[in-house]
Amino acid sequence: MKEKRYRPGIAVIDGKIYVLGGEEGWDGYHDSIECYDVDNDSWEIMSHLPSARSWLGCVPLQVARM
């Protein structure tokens with residue numbers, strides 16, 4: 001990972017691992033969303049949450065397009 005963290009939200013979508021938010025220390029919170037690409041063995045920061053959070057619950061959803 002680009003940023004060390006604990007208590008993040010985690011979801012697996014299309015074989016990639018997404019890690020959202022989390023904590024670093026007593027009052028250091030993250031707003032970043034990182035993605036681990038298993039095939040390339042690499043991490044990339046994909047986006048940011050509206051605010052820093054930890055202890056997230058994550059659920060991957062597939063929404064049908066009409």
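Considering only residues that are among the aromatic types (Phe, Trp, Tyr) and within 11 Å of the chain's Cα centre (by Cα), which ones fall in the range 20-66?
Within the range 20-66, the subset among the aromatic types (Phe, Trp, Tyr) is 26, 29, 36, 43, 55.
Once the filter is applied, which keeps residues that are among the aromatic types (Phe, Trp, Tyr) and within 11 Å of the chain's Cα centre (by Cα), the range 20-66 yields Tyr36, Trp43.
Give the residue, chosen from Ser47, Ser51, Ser42, that is exposed (fewer than 13 other Cβ atoms within 10 Å of the Cβ), small (Gly, Ala, Ser) and in contact with a strand residue (DSSP E or B) (Cβ under 6 Å, 6 or more places away or on another chain).
Numbers: Ser51 fails: in contact with a strand residue (DSSP E or B) (Cβ under 6 Å, 6 or more places away or on another chain); Ser42 fails: in contact with a strand residue (DSSP E or B) (Cβ under 6 Å, 6 or more places away or on another chain).
Being exposed (fewer than 13 other Cβ atoms within 10 Å of the Cβ), small (Gly, Ala, Ser) and in contact with a strand residue (DSSP E or B) (Cβ under 6 Å, 6 or more places away or on another chain) holds for just one of Ser47, Ser51, Ser42, which is Ser47.
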Search result, residues across the range 4-60 that are in contact with a Cys (Cβ under 6 Å, 6 or more places away or on another chain) and either at pLDDT below 90 or on the phi > 0 side of the Ramachandran plot (or both): none
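When you check Glu34 against the structure, is it charged (D, E, K, R) and over 14 Å from Cys58 (Cα atoms), yes or no?
Numbers: charged (D, E, K, R): yes; over 14 Å from Cys58 (Cα atoms): no.
For Glu34, the condition - charged (D, E, K, R) and over 14 Å from Cys58 (Cα atoms) - is not met.
If you take the residues in the range 28-39 that are of a type in the set (Ser, Thr, Tyr) and over 13 Å from Ile13 (Cα atoms), which one is surrounded by the fewest Cβ atoms within 10 Å (Cβ to Cβ)? I'd like the intermediate steps shown before the answer.
Initially, the range 28-39 is screened for residues of a type in the set (Ser, Thr, Tyr), giving 29, 32, 36.
Remaining after also requiring over 13 Å from Ile13 (Cα atoms): 29, 32.
Details: Tyr29: 16, Ser32: 19.
Ranking the candidates gives Tyr29 first.
The values are calculated or read from the model by the stated rules, or taken from the named source; none is laboratory data. Note that the structure is a prediction, hence the values are computed from the model and not measured. Every residue, glycine as well, gets a Cβ built from its backbone with ideal geometry; the counts of neighbours run over all protein chains shown.
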